[in-house]
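Read the figures in this text as sums done on the coordinates, not as results from a lab. From a predicted model like this one, the values you see are computed outputs, not experimental measurements. Here the Cβ positions follow ideal geometry from the backbone for every residue, glycine too, while neighbour counts run over all protein chains shown.
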Amino acid sequence: MAAEQAIEAGLAVDLYDAKGSVGRKFLLAGKGGLNLTHGEPLVQFIGRYGARRDAVAQWLQAFDADALRAWARGLGVDTFVGSSGRVFPADLKAAPLLRSWVHRLRAAGVNFHMHHRWLGWTEDGSLCFATPTGERAVAADAAVLAMGGASWPQLGSDGSWVSTLHAIGVDIAPLQPANCGFEVAWSEHLRERFAGAPLKPVVARWIDRDGIAHHRQGECVLSDYGIEGSLIYAIGAELREQLAAHGTATLHLDLVPGYSVAVLAERLAVPRGKRSVGHWLRHRAGLDAAKCALVFELTDKASLADPPALAMWLKSLPIPLRAPRPVAEAISTAGGVRLEALDAGLMLHQRPGVFCAGEMLDWEAPTGGYLLTACFASGAVAGRGAVDWLQRC
């Protein structure tokens with residue numbers, strides 16, 4: 001995106017990538033159907049960016065969800081809004097969009113250089129790259145860094161840039177996993193029998209850093225290491241902060257959002273006769289096998305035999321979380337170059353003429369198109385910032 005802004009302004013543009021082809025993480029994002037952006041109103045859209053919503057809102061003024069859809073249409077790719085509000089290419093694929101984009105950039109004059117891993121700067125201020133034929137120095141009037149975070153390092157974003165920028169005094173928030181699962185000490189039985197089983201619908205309940213209670217309905221998945229899925233990703237930042245601050249965090253799940261505690265207790269009070277507890281829970285509370293297994297995993301025997309107590313457990317089943325999964329497994333990365341280290345055009349205060357964009361910046365968002373939209377928008381802002389800076393120099 002930064003290259004596109006610069007080439008349109010008439011600048012000579014070279015794009016360097018450590019891998020053998022560009023856009024590998026973009027292609028991964030489209031593996032199950034490219035969720036390009038989201039169709040919800042702007043106010044709600046901006047709210048998805050949490051503590052950095054005001055800064056991201058500024059980026060979106062330059063390039064919002066509608067602009068992103070128009071941009072895709074300009075590349076010959078129509079989009080549609082799904083039933084959940086998520087926006088997808090008509091064919092759901094990332095590859096055609098990327099191919100068309102790269103073709104347009106090449107035709108406009110952007111020079112692509114593969115297998116060039118950025119190492120930092122030489123003594124005279126040139127960019128230094130590691131290449132298959134040795135190190136190479138490149139002089140540039142301005143540079144935009146879009147190095148990614150530290151998730152999916154096999155695709156190129158391994159966070160190795162952190163030490164380089166830290167060495168010149170750039171303020172960087174520690175890289176952490178975002179949109180990731182959380183570890184739970186499941187029994188061997190639950191891991192073997194129910195790993196991969198969905199939990200839907202459920203309502204997650206949690207307490208934020210200010211002690212305020214929240215709830216959110218959605219879906220999640222039991223895994224061999226714990227729990228994951230879209231509902232968990234949406235509230236993951238709060239859970240991660242609780243674990244960092246206290247060493248522990250508890251997620252409460254309402255397994256039966258369709259019933260109140262009183263109605264549920266009344267339904268469970270009917271004698272079950274010779275039927276098993278599991279059969280009784282399926283019949284009277286509508287629980288499937290995975291939810292029943294979760295109840296047996298976390299509920300004591302006395303509560304299973306006490307309808308009012310059991311109703312309370314089903315409406316707020318406590319799941320003790322041990323840790324987020326490693327950042328290398330996460331969908332995205334929190335932390336990075338603090339926005340306070342940059343000006344409004346995303347230029348580093350510590351290194352005039354060097355701009356930063358994308359996931360290497362200190363912001364995060366849940367899945368649903370918000371990640372890609374902000375990456376596109378920040379690229380547009382950084383590219384335009386570089387153009388403006390060069391025009392002033």
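Below is a table of values for the structure above.
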read-out: Percent of C-alpha pairs per 10 Å bin, the chain, short to long; value: 5, 21, 28, 21, 14, 8, 4, 1, 0
read-out: Tail beyond 25 Å, pair distance distribution of the range 182-324 (Cα, percent); value: 26
read-out: GNM top mover of A380, A365, A167 - the chain, alpha-carbon springs below 10 Å; value: A167
read-out: Helix-derived mean residue ellipticity, 222 nm - over the chain, DSSP H n ≥ 4, -39500 (n - 2.57), to 500; value: -11000 deg cm²/dmol
read-out: Using a Förster distance of 22 Å, the FRET efficiency for L28-D91 (Cβ separation, nearest 0.05); value: 0.80
read-out: Rg over Rh, two decimals, the range 255-343 (C-alpha only, Kirkwood Rh); value: 1.27
read-out: Unsatisfied cross-links (Cα-Cα over 27 Å) in the set K31/K200; K274/K315; K19/K93; K31/K291; K25/K200; value: K31/K291; K25/K200
read-out: Order of V277, V221, V354 - criterion: other Cβ atoms within 10 Å of each residue's Cβ, fewest first; value: V277, V221, V354
read-out: Projected label distance in nm at W121 and Q44, using a 7 Å step from Cα toward the beta-carbon; value: 4.5
read-out: Charged-residue dipole, Cβ positions (Lys, Arg, Asp, Glu), the range 182-324 about Cα centre, Debye nearest 20; value: 620
read-out: The chain, dipole about Cα centre (Lys/Arg Cβ +1, Asp/Glu Cβ -1), debye to the nearest 20; value: 1420
read-out: Highest-fluctuation residue, L264, L314, L253 considered, GNM on the chain with Cα pairs under 10 Å; value: L264
read-out: Fluctuation leader among S223, S83, S378 - the chain, Gaussian network, Cα springs under 10 angstrom; value: S83
read-out: Over 12 Å [Cα-Cα, the range 80-123], rounded percent; value: 74
read-out: Cα-based convex hull, the range 123-249, per residue volume (Å³, whole number); value: 181
read-out: Ascending count of other beta-carbon atoms within 10 Å, so fewest first, for K25, K301, K291; value: K301, K25, K291
read-out: In Å, descending, principal axis extents of the Cα set of the range 10-111; value: 38, 30, 25
read-out: Local net charge near A309, Cβ-Cβ under 13 Å (Lys/Arg +1, Asp/Glu -1); value: 0
read-out: Nearest-ten-degree value, helix 230-246 long axis tilted from longest Cα axis of the chain; value: 90
read-out: Dipole of the chain [Lys/Arg +1, Asp/Glu -1 at C-beta], most positive-end residue of L310, H215, A6; value: L310
